[in-house]
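Have a look at the structure below, then the notes.
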Amino acid sequence: MPNSDVIIVGGGVIGLSIAYVLAREGVAATVLDRRELGREASWAGAGLIAPYCPWPQVIRE
């Protein structure tokens, strides 16, 4: 495994989005998932992403 600054557990849409943003900022991230990346959804989230964010300034950055 290559050296990483960050390890992300979960290769769903959220984990991959985090990895993408970190890579754009020059952060070396490794994504770990038990299956193929981008193919699973969180059971608790029912595969949904809520449109509400309590920190809208984070999205703008």
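General remarks:
- Burial order of peptide ranges 24-36, 6-18 (average beta-carbon count within 10 Å, highest first): 6-18, 24-36
- The phi-based Karplus calculation (6.51 cos²θ - 1.76 cosθ + 1.60; θ = phi - 60°) puts the 3J(HN,Hα) values of segment 11-28 at x, x, 4, 5, x, 5, 5, 4, 4, 4, 5, 4, 4, 4, 8, x, 8, 7 Hz, whole numbers, x for Gly and Pro.
Laboratory data are not the source of any read-out in this text; all were calculated from the coordinates shown. For clarity, every value in this text was computed on a predicted model and none was experimentally measured. Methodologically, a virtual Cβ is constructed for each residue, glycine included, from the backbone with ideal geometry; neighbour enumeration extends over all protein chains shown.
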